[in-house]
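Values in this text are rule-based calculations from the coordinates and carry no lab data. Everything quoted here is computed from the prediction, not taken from an experiment. Ideal geometry is used to build each Cβ from the backbone, glycine not excepted, and the neighbour counts take in all protein chains shown.
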Amino acid sequence: CGPEGIKQFPDQYQKMLKYPNNTAFSLVAVNPKTNEVTEVAPETKISLKPGETLKFIVNDVEGTYNDNTGTLTVKWSGED
């Protein structure tokens, strides 16, 4: 699947995901300082305060990332 993940994922497995409240296998941006998790879709805007960063990760079951293949590219820009 692509960065949008799989919307119709069985509930019995959804709870096993790293971020169970977000779409299965979607690309998410996590702000480690605030723990805010945002699904990254085309034209997603995320506001950060000075000193904050983002960690991008696919919302998968922890310990099963070894079967993921391919690449995802995030294009970004910043403004004051």
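Residues of the stretch 10-37 with an amide N closer than 16 Å to a point placed 7 Å from the Cα of GLU4 along the Cα-to-Cβ direction: 23-28. For the stretch 11-46, the list of GluC sites (Glu not before Pro) that fall in a loop by DSSP and count at most 14 other C-beta atoms within 10 angstrom reads GLU43. Using only Cα coordinates, the Kirkwood hydrodynamic radius of the chain works out to 13.6 Å. A Gaussian network model of the chain, with springs between Cα atoms under 10 Å, assigns the largest mean-square fluctuation among ASN21, ASN31, ASN66 to ASN66. Taking LEU27, LEU48, LEU17 in turn, the Gaussian network model of the chain (Cα-Cα springs below 10 Å) assigns the largest fluctuation to LEU48. Taking other C-beta atoms within 10 Å as the exposure proxy, GLU52, GLU62 rank GLU62, GLU52 from fewest upward. Each principal axis of the Cα cloud of the stretch 9-52 was taken in turn, and the coordinate range along them, longest first, works out to 39, 23, 10 Å.
With contacts taken as Cα pairs under 8 Å and at least 6 residues apart, the stretch 17-58 reaches a relative contact order of 45 percent.
Ellipticity at 222 nm from helices only: DSSP H runs of n ≥ 4 in the chain, each -39500 (n - 2.57), divided by the residue count, give -500 deg cm²/dmol. Would you please name the trypsin sites (Lys or Arg not before Pro) within the stretch 1-66 that are DSSP coil residues with at most 14 other C-beta atoms within 10 Å of their C-beta? Here the sparse-neighbourhood loop sites are LYS7, LYS15, LYS33, LYS45.
Over the chain, Cα pairs under 8 Å with separation of 6+ residues give a relative contact order of 31 percent.
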